[in-house]
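Below is one structure; the comments refer to it alone.
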Amino acid sequence: MLARRPLAAAATALTAALLALTALSGCATAADLGAGAAPSADAADSSNADRVAVIGDSIESGLGLEPAEAWPALVAASRDWRLDNLSVPGAGFVAQGSDGDDFSAQVDAAIASRAQLVLIGASDNDLGTDLAEVSAAMQKSVDRLRSELPDARLVGFNALTGQASDADLAPFDAALRTAVEGAGGTWLDLGQPYRDRGGLVQDDDEHPTLPGQQAIAAVVESKLST
């Protein structure tokens, strides 16, 4: 019997250790559950991210590329935006896009999303339409955004193009700028970051390649930061 006492003592010690480990494990599990009840930092960051709507045409939609390669998506990824890229190829303030609607439908969607930041651009799709008609449509769109989203930040930008001239676009850009700034918004003069630049324009000579979209995104980032 005395010869077996060390084994019994060892067994007793092992049992005690296992019980202690079980108790500690139970405490850890409770702590984990308590921590799990609170949202993670990542989840909190996501819920607090700005909801951003972009109103635009085929340049903003990334025609010919994946949606994630369009400049609004690139900027959104950099800035942790919750993005609604509402842009539709062919659309303008008057011009009807591939979905049969002009920018007014995108304005409706931006309002419905309760966007905190709205980026809205002029479009070369409206070239050839009477300037007064386009200007009136621009003013109406901006007025609706300001009325329905009184706390949102409005940011306008010039038409981006691979083919149209600055002279042709200037009156339309100026009309949108007047509307946006009149509503307390901000104007971004992006220039033409990809036009006439090798490797930045697709074979149609109008739409940017991925490097072209990246060039636009870089300018937008820079302008938004100033």
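Taking the Cβ of residue 183 as the center, what net charge do the other residues with Cβ under 15 Å away carry, scoring Lys and Arg +1 and Asp and Glu -1?
+1
Over the heavy atoms of residue 79, what accessible area does a 1.4 Å probe trace out, to the nearest 10 Å²?
80 Å²
If you roll a 1.4 Å probe over the heavy atoms of the protein chains, what accessible area per residue do you get for the range 47-148, in Å²? Walk me through the numbers on the way to the answer.
Numbers: 4190 Å² over 102 residues.
Result: 41 Å² of accessible area for each residue.
Give me the extension gain from residue 140 to residue 99: residue separation times 0.36 nm, minus the current Cα-Cα distance, reported in nm with one decimal. Each step should come with its number before you reach the end.
Numbers: separation 41, 0.36 × 41 = 14.76 nm, distance 2.06 nm.
Full extension of this stretch gives 12.7 nm more.
Please give the Cα centre distance for the range 80-149 versus the range 208-226, rounded to the nearest Å.
Cα centres, the range 80-149 to the range 208-226: 20 Å.
Can you tell me how much longer the chain between residue 196 and residue 183 gets when fully stretched, taken as 0.36 nm per residue apart minus their C-alpha distance, in nm with one decimal?
1.3 nm
Place the peptides 185-191, 127-133 in order of packing, highest mean first, counting for every residue the other Cβ atoms within 10 Å and averaging per peptide.
Result, highest mean Cβ count within 10 Å first: 185-191, 127-133.
Quote the relative contact order of the range 114-226 in percent (integer), defining contacts as alpha-carbon pairs under 8 Å separated by 6+ residues.
Taking the mean separation of contacting Cα pairs over the length of the range 114-226, I get 26 percent.
Could you work out how far apart the two model spin labels at residue 78 and residue 165 are, taking each label as a point 7 Å from the Cα in the direction of the beta carbon, and quote it in nm?
3.2 nm
Round to a whole number: what % of the accessible area of the range 101-226 belongs to carbon and sulfur, probe 1.4 Å?
Carbon plus sulfur share of accessible area: 47 percent.
Label points 7 Å out from Cα along the Cβ direction at residue 68 and residue 223: separation in nm?
If labels sit at residue 68 and residue 223, their model points lie 2.6 nm apart.
The values are calculated or read from the model by the stated rules, or taken from the named source; none is laboratory data. Please read all numbers here as calculations on a predicted model, not as lab measurements. Note that we place each Cβ from the backbone using ideal geometry, even for glycine, and neighbour counts take in every protein chain shown. For the accessible areas, the whole protein counts, side chains as well, though only heavy atoms, and no ligand, DNA or RNA atoms are used. Shrake-Rupley method; radii C 1.70, N 1.55, O 1.52, S 1.80 Å.
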